[in-house]
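Read the figures in this text as sums done on the coordinates, not as results from a lab. Quick caveat: nothing in here was measured; it's all calculated off a predicted structure. Here the Cβ is made from the backbone with ideal geometry for all residues, glycine too, and neighbour counts use every protein chain on show.
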Amino acid sequence: MLDAKRLMDQFLGGQGGQGGGDFLRGAGGGALAGGLAALVLGTKTGRKIGGEALKLGGMAAVGALAYKAYNDWQAGKKAAAPQEAAGQPSVPMLPAPSGTPFNPATEFGQQNLARHLLRAMIPAAKSDGHVDAEEQARIFAEMDKLPLAVDDKAFVMDELRAKLDIDAVAGAASTPEEAAEIYAASLLAINVDSAAERGYLAMLAARLKLDDVLVAHLHGNVAATTGKSVPVAA
């Protein structure tokens, strides 16, 4: 059976993937997390989760990023520009409270959210069109060398083969909070260095019905924790 939460940890690090929060390379026992993330998401920028979010790892880090952005937006705080946030010390990153949409209290809720986040990250990584049939074949061959569970591997393969469907990604959000978290996960998976990627993010934010200021907060938080400026799509 697919363990979406474990697979999410293997992408982003955490107790399940033992990646220590390192987004691409892994640390200590995190070769699996590094290998899987590097294969599927690419290594063009060597981006990694750092600072306060590193202590959380995995799905909890995405929840913390989105939770802080959402609370700051609701409080009317001004969002830091991604370029400024990327060069600043890490901001305090607290885990989202249990029982909220950012951190469901039940195992079913955790698994469901993890599945939605994975189904946001993989399309985001494909949005520039570089994961074509030839690249998919290379990824599948390399995945066979990783100690992944059969169901986990099949899930990744199916998502990589699937047609890019931004409506399906956005439609998974059942609450505004989950919409913010889906966008945060997409930001972590994407390198905004092409018009296609900028367009994908702009369309995703629109389909998720995210306020522009909330989007700015999400970009600033991702920049602060990865050290890489991710400009807000115009």
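For the set LYS68/LYS209; LYS163/LYS209; LYS5/LYS78; LYS5/LYS153; LYS126/LYS209, the pairs lying more than 24 angstrom apart at their alpha carbons are LYS5/LYS78. Once the Cβ-Cβ distance between LYS163 and THR100 is put in as r, and R0 is 35 Å, what FRET efficiency do you end up with, to the nearest 0.05? The formula returns an efficiency of 0.60 here. Taking every alpha-carbon pair under 8 Å whose residues sit at least 6 apart, segment 107-234 reaches a relative contact order of 31 percent. Model label sites at ALA206 and ASP3, defined 7 Å from Cα along the beta-carbon direction, differ in position by 4.1 nm.
Taken one residue at a time, the phi angles of segment 65-81 give Karplus couplings (6.51, -1.76, 1.60, θ = phi - 60°) of 4, 5, 4, 5, 4, 5, 5, 5, 5, 5, 7, x, 6, 7, 7, 6, 5 Hz. Gly and Pro are set to x.
Classification of segment 101-234 by its C-alpha gyration tensor yields an oblate form. The axis ratio a/c (a ≥ b ≥ c) is 1.5 or more, and b/c is at least a/b.
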